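Notes for the one structure printed next.
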Amino acid sequence: MRTWSVSDSLKMYNIESWGDQYFSINPSGNMTVHPRKGEGAGVDLKSVVEEIRSQGLGLPVLIRFQDIIRHRVVTLNESFRKCIHEFGYKGQYQGVYPIKVNQMREVVEEIIDAGRIYDFGLEAGSKAELAAVIAMTTTPRSLVICNGFKDYAFIKTALMGLKLGKRVIIVVEKLSELYQIITVAKELSVTPLIGIRTKLSSKGSGKWESSGGESAKFGLTTPELLHAVNVLRQEGLQESFKLLHFHIGSQITNIKPIKDAVKEGTRIYSKLCKMGLNLEFLDVGGGLGVDYDGSRTSFESSINYTLAEYVSAVVYSIQEVCQAEEVKEPNIVSESGRALVAQHSVLIVNVFGNIEVGATPIALDETPEEEDVVKEMRYLSQHLSSKNLLEHFHDALQRKEEALSMFKLGFLSLEDKAKVEYLFWQICKMIHKNSAGLRYVPDDVEALNKHLADQYLCNFSLFQSMPDHWAIQHLFPIVPIHRHDEEPTRNATLVDITCDSDGKVNKFIDLRDIKDTLPLHAFKVGDPYYLGFFLMGAYQDIMGDLHNLFGRVNEVHVFLDETEPGGYYIEEVIKGNTIAGVLSWIQYSATDLEKKVKEQIDSKVREGFIKPREGVELQNFYEEVLYGYTYVDYEKQSKLLQATVDMVPRIVESGVEIPANTFLN
């Protein structure tokens, strides 16, 4: 038998494709992170997790590799510079980062610092975002692009930025905003820098396709655009119109819509220039995608182009139209966010149990008095072969339904019902196993894979840490971060620790399609098993909710340093929310809760139900829980699981057969 190797795991999880040289596996079988894209030995992810745990920090934990952000910013800017030089393009590239993608201060500051030499700027889409952006120290030439709906405070804050020497461009999203901008600018005696967003006929591709096109939420129609130009001329602000903007959606999967949109947008820019307007910038919006599944296709979780192809398409399309129209080539602005930050963070969760379909904690041996339906099910299980798989599956399914009907009518005992259920799943397992290697596998048999999958209990909240998977079925790469020198022998789905039945992951990336299960290693009580949720840096940090009051997870920031053991150091630790913290968000006072619990304990002490010392211990325990992490305490849970498993020998001595994993189900 061939030995399983690291290369087998690389292929099984398609790491080399979606990992894009940022992620790999080392000879020890552990996932590694290469923040400089393939350079160096890489950071052993399991080593980072072990260091985190040694510092007393609990899981789940979000690990940010800030060097990846820096590498992505440099790569984007250098790609545009290279393409502009090769094409002899007359304009420059000046990108901005839309902070809505990830507003975390550490992320934004890293982008600003990495982009300083490129005059890389920021984009804000709300008053809160603008308040943060205006305070950030960017270069004098960096752009601050203001998108989204705008009220008086938004517009005045943006114009205040102009007075502070920043290049703040307010983008008109609807016609009424233009009048408001002119009014507030007069009030402050400042000449505004204005951009106008136009609606294109062109649309994007993928999940966000509907956000572009003529029915888009934002942007001016062609008649409105012409009217806006007339208003600016009447107000003597023709020279304030500096930027034309368009946006056709996020995570654009296909390069062709990008080319079509850029050509259409450039054609509008050219016609405006011919009307005598001195536009300086053409903002192509966002949409630069990330290949989450590594398939290099136009599938929703992938993209069929590279960064170099995207940049080339944008620069060439603009140049082609401008040369045909004989107008100057504009400075190019893009609002790429997902492509800058998606790769930089990894969510690490620990598995603390598993549920196996068809497992039984009691003996279900054959007895003379059992009903015929049970005997028929036993016969099916004993006479199964590769030639009658489908027939026996349908027969077993029929017997199971028959047994359920008998039970509902009171003709089947609970014991016999348990036997039918157990035998049915055993038959399904045998059918699925025997179907392996067959040239043709019936659809019904193929579908058994997802029904027979284990459920791995994972210490996280889907709604808090991976909301896009729950809300729009967005796929992320999920991979064990260790044991890759072992063959994964279980197929599983993942369930979180919320009480919601939707708190599960049962769709996974695959080169050809979407998989219903994820290959994982057998769970062993007492042995930590860690899963990594990769490419989590875009939107997930911000869009998470408080379902079941699971707050933000613990977070660490890792930087490369060749002089340190392991080639890295942990620069910052940000502790996740405590229970008291999340309760305060919904108007519960921790002090008040402590007081109320103490009053109840004191009452029981006075009544003699609780001893005074026990009352003190209970109060201390309650306060320890109140100020503790909202997620599962892995250390204490592991001890509890081990204690329950230790009960098994004593129960077996009583004559009851029980598998070791019973208490994990």
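The values are calculated or read from the model by the stated rules, or taken from the named source; none is laboratory data. Computed from a predicted structure; not experimentally measured. Using ideal geometry, Cβ is built from the backbone for each residue, glycine included, and neighbour counts are taken over all protein chains shown.
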*asked:* I want to confirm something. Restricting to region 556-585 and keeping residues that are in contact (Cβ under 8 Å) with a residue 12 or more places away in the chain and loosely packed, with under 13 Cβ neighbours inside 10 Å, which single residue is nearest to LEU57 (Cα to Cα)?
replied: GLU572
_Looking only at region 11-42, and only at residues there that are without any contact (Cβ under 8 Å) to a residue 24 or more places away in the chain and not in a loop (DSSP other than H, G, I, E, B), the one that is nearest to ASP516 (Cα to Cα)_ = LYS11
*Run VAL349 past the list (1) in a helix (DSSP H, G or I); (2) in the same structural domain as VAL479 (by TED's automatic domain parsing) and report the number of the one that doesn't hold.*
(1)
*Report yes if some residue within region 519-528 is under 15 Å from PRO60 (Cβ atoms), modelled with pLDDT of 95 or more and not in a loop (DSSP other than H, G, I, E, B); otherwise report no.*
no
*Within region 441-450, is there a residue that is of a type in the set (Gly, Ala, Ser), free of Cβ contacts under 8 Å to residues at least 40 places away in the same chain and surrounded by fewer than 17 Cβ atoms within 10 Å (Cβ to Cβ)?*
yes
*Hey, does region 326-336 have a residue that's surrounded by fewer than 23 Cβ atoms within 10 Å (Cβ to Cβ), at pLDDT 95 or above, of a type in the set (Asp, Glu) and not in a loop (DSSP other than H, G, I, E, B)?*
no
*asked:* Checking ASP592 against (1) assigned by TED's automatic domain parsing to the domain that holds HIS34; (2) exposed (fewer than 13 other Cβ atoms within 10 Å of the Cβ): exactly one of these is not met. Which one?
replied: (1)
